[in-house]
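What follows is a single structure, written as structure tokens, with notes after it.
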Amino acid sequence: MTDIDPRSQHPAPQAATAPPGASAESAVPEAAQDPATLAETIAGLSEPEGPQTIQTDAGAKDGLSKCARCGATDISLNVATGNLRCNFCRHEWQSTNMNEAFGLDQGIGELRGVVMGSGSADIIPSTEVVMTFKCSACGAEVVIDTDHSTQARCHWCRNTLSMNQQIPNGAVPDMVLPFKLPKEEAVRKIAEFVGKRKFYAHKRFRAEFNPENVMGIYLPYMVVDVNARAHFRGQGEHQTRSYTVKVGDRDERRYDADLYDVERAFDLHVNDLTVESSSQRLDQTSSNTNNIINSIMPFDVEHAVQYDSNYLAGFTSERRDTNVERLAPIVHTQSQDIARHQALKTLGHYDRGVRWDAEHVEVVGQRWVSAYLPVWLYSYHEQKSGGRSLLHYVAVNARTGETMGSVPINQTRLLGASAVAQAVGTVLAVVIFLVGG
Ligand SMILES: [Zn+2]
Ligand SMILES: [Zn+2]
């Protein structure tokens, strides 16, 4: 068994793109196995069982969440230390790391069927989105709009009320990856990103650009571990000789190759695939710019901690609105891509390539844990002709600082620039022609 990071692979011609953020390990036998043995192996797999739940909110309380030292409820994340901090007495503490508490980084090979965190349970549509809590300090009713937050301040006594118990509306996940990159740093990254593209940017965008308006948002994701069996069968070519023959008055390149039946069967353990669990961003046809968030991956989800609403104080959040069933096909496809990628590493001998006639990746076991991941987001509404509008984002991974975005383009300047590029291209073509002649 070896640890392999699919992202570090150089793209080979038949390379499948591995999804970002996941690491995978596999044992791929060098030589093709006997098909009979493979068939037996696959037939011997146990049937997936019903979902097993990991209770991740045991002991969680709703209402006033107090500092252990002074009893204040004004608690928030100290981005510099990654700890929660009482804003009254400055006492700091840390939540439990999820991997340590629940062994989420272990036992992928033993996974069978579906295992999921209690915060990843199916959403029941009738569940309230706006929740009302009674403030235990003054008795007033406090409303929490779970579409954007799991906290609210009591208007009467100024205490903060938190919602930490999971209810089936997707608002309280199993875990949270706290913000690590301070806002000033995000503002700098966004200004730098836009600065490089300013020449082509829309005039109004340039005038209105103010990176201080960046918002810290926790986006909902599912973090998935996969135990899969892969089986590929096909034919590969290995070149033995290459030579030139005369065909009429032309030279033609020929080659001799050995043709092999190629077969690969292996176990695949995928750790921490991250899948969006907001239906809005899963919908690739919508007018917003979805791929931006994908390009600031990966997140170091191994540092995620047990959920505590205080991590969200001062930030906004987006509720998960999809279930495991809807996301499972995405995980299967990505596992297939990773398997293909892993198999490719063993095919060096077939220098003229391998064509798979049969590809079979079976997910034997999977573990789903819901998470909030931290992103700094600068958004801009571009007004287009005919009343249409396009939403542009610059997003910063609040763990790594990775930045990506889209900037509204000034069409005239862009066309001007491509005309120049074309002219340069023509000149170059002429030069090459002259040299070649
Ligand atoms: Zn305190
Ligand atoms: Zn109150």
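The values are calculated or read from the model by the stated rules, or taken from the named source; none is laboratory data. Just so we're clear, the structure is a prediction, and the values are computed from it rather than from any experiment. Positions of Cβ are generated from backbone atoms using ideal geometry, with glycine treated the same way; all protein chains shown enter the neighbour counts.
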query: What number of residues within the range 138-157 are in a loop (DSSP other than H, G, I, E, B), buried (at least 19 other Cβ atoms within 10 Å of the Cβ) and within 15 Å of ligand 2 (Cβ to nearest atom)?
result: 1
- line: Filtering the range 62-83 for residues that are among the small types (Gly, Ala, Ser) and more than 13 Å from ligand 1 (Cβ to nearest atom) leaves a count of 3
message: Here is a list: Thr96, Thr132, Thr160, Thr146. Which entry is in contact with a strand residue (DSSP E or B) (Cβ under 7 Å, 6 or more places away or on another chain) and within 16 Å of ligand 1 (Cβ to nearest atom)?
response: Thr160
task: For Cys86, indicate whether it is surrounded by 16 or more Cβ atoms within 10 Å (Cβ to Cβ), within 16 Å of ligand 1 (Cβ to nearest atom) and at pLDDT 95 or above.
output: yes
message: Kindly evaluate Thr160 against the criterion of being within 16 Å of ligand 2 (Cβ to nearest atom), touching a residue at least 24 places away in the same chain (Cβ under 8 Å) and among the polar types (S, T, N, Q).
response: yes
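For every residue, the table says whether it meets (1) among the hydroxyl-bearing types (Ser, Thr, Tyr); (2) within 16 Å of ligand 1 (Cβ to nearest atom); (3) within 27 Å of Asp272 (Cβ to Cβ); (4) at pLDDT 95 or above.
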| position | (1), (2), (3), (4) |
| --- | --- |
| Gln166 | no, no, yes, no |
| Pro182 | no, no, yes, yes |
| Val224 | no, no, yes, yes |
| Gln235 | no, no, no, yes |
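Go through the range 81-109 and give me each residue that's in contact (Cβ under 8 Å) with a residue 40 or more places away in the chain and either more than 24 Å from the chain's Cα centre (by Cα) or within 16 Å of ligand 2 (Cβ to nearest atom) (or both).
Within the range 81-109, Leu84, Gln94 meet the criteria.
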message: Among the residues of the range 232-281, what is the count of those that are more than 30 Å from Ser295 (Cβ to Cβ) and either out of contact with any helix residue (DSSP H, G or I) (no Cβ under 8 Å at 6 or more places or on another chain) or of a type in the set (D, E, K, R) (or both)?
response: 33
query: Within the range 53-73, can you find the residues that are within 13 Å of ligand 2 (Cβ to nearest atom) and either of a type in the set (Asp, Glu) or in contact with a Lys or Arg (Cβ under 7 Å, 6 or more places away or on another chain) (or both)?
result: Thr73
message: When the residues of the range 181-224 are narrowed to those that are in a strand (DSSP E or B) and of a type in the set (Gly, Ala, Ser), which ends up farthest from the chain's Cα centre (by Cα)?
response: Ala201
- prompt: Are any of the residues in the range 266-279 more than 21 Å from Ser335 (Cβ to Cβ) and either at pLDDT below 95 or within 12 Å of the chain's Cα centre (by Cα) (or both)?
  reply: yes
